[in-house]
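What follows is a short report on a single structure.
Each reported figure results from applying straightforward, stated rules to the coordinates on display, with no laboratory input. All figures in this text were calculated on a predicted structure; none of them were measured in a lab. Cβ placement follows ideal geometry from the backbone for every residue including glycine, while neighbour counts extend to all protein chains displayed.
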Amino acid sequence: MNKILNINLGGFALTIDDDAFEYLSSYLESIRRRFRESDGRDEIIKDIETRLGELITDNMGNRTIVMLPDVQAAVEIMGKPEDFGGEPVETRRKQSNQSQSSSGIRTGKRLFRDDEDKVAAGVCSGLSAYFGIQDPVWMRLIFVLLTFLSAGFWIPAYLLLWILVPPAKSAADRLAMRGEPVNVDNIAREIEEGFDRFGNTVSTMTDDFKKKSSSTGGRLTNVLGSILTVIGQIFGFFIRFLAKFGMLILIIIGIAMLIGLASSWIAGLWALMVAAPLISFFSPFSSGFNWFTFLVVFLFLGIPLVGVILVFSKVLFKTKPPYWVSTSLVATWVFSVIAGFGLLSFGVKGFASRSDVDKNIDLSGLNSDTLRVNGIGDGDLNYQFDGDDWWHDETKYMRNGKLAVPGEIDILVRRSNDNRFRIVQTISARGSSDENAAQNAVNVDFDATLQGNTLNIPVYYSLDKGAKWRNQKIKLVVEMPVGKSIVFDEHIYSRAKADYDDYANNNSDYISQSPGKVFTMTKEGLVCTACPQWGDRNFSEDHTYEDFILDGDFKTEIRQGDQFEYKIEGNDSIQVIRTGDQVTFTTGGRNVSPNTRVIIHTPVFTKLMADNTGEVTIRGFDEGRSSISARGKSKIKGFFDCNQLEVMLSGPCKLELVGSGNNLEATLSNGAELDALNWRVDHVEVFATENATARVYSKNSYKKRSDSSSSVKIDGPGEVVE
Amino acid sequence: MCVLAVIGEGETYPPQIIKKLEGTQLVVKEGTLYPLLIRLKNDGLVGYIWREGKNGPPRKYFTITGEGRAVLQGLTDSWQDLVSAVARTLAQENGTPYEKPPQALNMEPLPPSE
């Protein structure tokens, strides 16, 4: 059975069979190509069409439908393009033509299977023809090699091609199959020629434009015309480049597609192997149906993938998958969707009820005020799925046939009402019924044991073979009496926490952020007794701090920045306490090495209190009102501007100021030294006692008060007011 | 040249040209004719007129133009010069005296005015 079409061939109305039509159109296409460069192309073709129509009609007799032999006979009379003498066509093609077989008609390339030259299904010989390889033996060799190299992937690839690629049935098919060899050059040339035609049109248009513009005498427009031509040429070149490049890309896409198919196949097989032992834990069924679950998922995800590949190959290689293939693919997919929904609802049922199983952990052996809690098991399992390792190292998750589930343990610390440590362990689980849920909870293999004064908690729980994963979770509630302490090690701390209310006021350290720190229960609540602030060495925050306290002998630099951040250089630790808009950096009375340095960036600087600290530099601010106070041996240098600056120095400290402002108010005592000659201000007030020295500059006015032991020197045109 | 000659005989439909040429053992495919005819037409050597076909669209019948006739005459002359030159050369080689061959193509005289 064949379709028929009605066509108008050079004025002859013909009813033509599909095969014959394909043959005829490829023949006409080849003629069109043959005369591409002839002058009267359209006319030649029209004449040939008319004559063909006449020949066919004459030949038909009483029959109504034009069949392939009729067209072939007419073509026989008319001759194939190669038989045409006359104008030479492109020499290029002739050169590459050494071995063009009798097929002659070059048509749109289509991939077919060659039924007449086959070992299995003619896929290889079809591909050979498609790629213009003379002997299909090479293609077969490649396939056999690939089959070995890809661990069998190419067998289903071959089957897929078998299904997708139609056999060359008719003569037209065979011609299309043999068509011009497909390679980057040929395809690019095709496109290039197309764009050449386009380019010609453009240049004709610009020529017309030029003529018009020169007739109107506009020289400017003439120039414009040449510019247009140049642009057109550049554009043409660009397009040609793109065309070549684009075809290359298309071919690369084709190859990538095959590789993608290969890898998804391999990935699928591999997932099947790796996931197989895991399925039973998650599947809603007790046994054999697990494979069914896997199959459904496999089909659900795999079929759209195959569909995408079909579409691609249709676009790229003009393959037409047989009707039954697409139909059965769709049907299978619909089936997998329905089955998936069924499984899903069945699976959801398995999570319908919830049960909790409680148990007290025996702490009778504890003989200390401090309970250490250690996480045991792989550190990697501590908190989250480790993306890469998850599949690679199945032993991590499967131990002796058991499934290890990490990260489902939570620890809550709260205050105890009596004077004993107490830990209650609650395992919750889901199940199809309350009993089933309780059973699922009991199935969890989890043992927290006390060893000396250390409680060892596994960071994962395991499920025996046959047990089901039903969202089991473990919660440990630790009750802590006042006066006792607890430490969570680095493997488990992130799972532990306390309610906010259970922390002491002003506390800013949390158990879940402090590995290895001692937390003590006080009457006010939990406090960390030896906690540096979190983010020990590098820290930044959106919150604005403008009040800085420096305590201890270290160097500090305070700079203008977009955001509050600080960095501590050197090996010694400096404690940082942030409260309100105040930050304190302190050595806590300990000695630190001289290379210890704190660098602070802050958008605002309003207050500095330096207590017996090392060299402090302040840079780059432009403030309305600020104050600097210093005690002890502090040394401060300020390079900034401030309208109202208040300075209070006491002890053998020194402040050097460079900048400007309106008012400077300084109170100095106890050997303090202020050097503000380069601090240009309108009004100065200095109050100096006990061996203090001050040198200041005043533009308008100043006030000074000092005792006999102190010296105040005022520079500038300012006058005394008082 | 042969094609031009055939057309020179009168209004011609391309298949007729083929038939005539078949008679002279100059076998060509029809497809060859069309580009040739169109080129001749574009060079102004032939023209065509439409005639009603048997049972289809009108057919193109080709006719020769004055210019075409002049060219044909020129071609015929040079062809005969060539033929006689070749024949004479061959005759000398074979040692037989050269005889003027009968006119191979009998051309009609040019129309008096055009």
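Based only on other Cβ atoms within 10 Å, what is the fewest-to-most ordering of A:Tyr27, A:Tyr545?
A:Tyr545, A:Tyr27
Of B:Trp79, A:Trp469, how do they rank once you tally other Cβ atoms within 10 Å and put the fewest first?
B:Trp79, A:Trp469
Through the Karplus equation 6.51 cos²θ - 1.76 cosθ + 1.60, θ set to phi - 60°, convert the phi angles of region A:45-51 into ³J(HN,Hα) values in whole Hz; use x for Gly and Pro.
Karplus values, whole Hz, x for Gly and Pro: 5, 4, 4, 5, 4, 4, 5.
Once you've got the Cα coordinates, tell me which of A:Lys3/B:Lys29; B:Lys19/B:Lys60; A:Lys118/B:Lys29 are over 28 Å apart.
A:Lys3/B:Lys29; A:Lys118/B:Lys29
Can you give me the long-range amide H partners of A:Val66? Hydrogens built in the peptide plane at 1.01 Å from N, cutoff under 5 Å, separation of 5 or more residues or another chain.
Correct list: A:Thr15, A:Ile16, A:Asp17.
Can you say what percent of the DSSP beta bridges in region A:538-720, counting only those with both residues inside, are antiparallel? Round to 5.
15 percent
Which entries in the list A:Lys555/A:Lys635; A:Lys468/A:Lys497; A:Lys633/A:Lys713; A:Lys633/A:Lys704; A:Lys349/A:Lys475; A:Lys80/B:Lys41 go over 19 Å, if you measure between the two C-alpha atoms of each?
From the list (A:Lys555/A:Lys635; A:Lys468/A:Lys497; A:Lys633/A:Lys713; A:Lys633/A:Lys704; A:Lys349/A:Lys475; A:Lys80/B:Lys41), the Cα-Cα distance tops 19 Å for A:Lys468/A:Lys497; A:Lys633/A:Lys713; A:Lys633/A:Lys704; A:Lys349/A:Lys475; A:Lys80/B:Lys41.
Around B:Ile49, under 13 Å between beta carbons, what's the net of Lys plus Arg minus Asp minus Glu among the other residues?
+2
When only Cα pairs under 8 Å and 6 or more residues apart are kept, what is the percent relative contact order across region A:662-722?
31 percent
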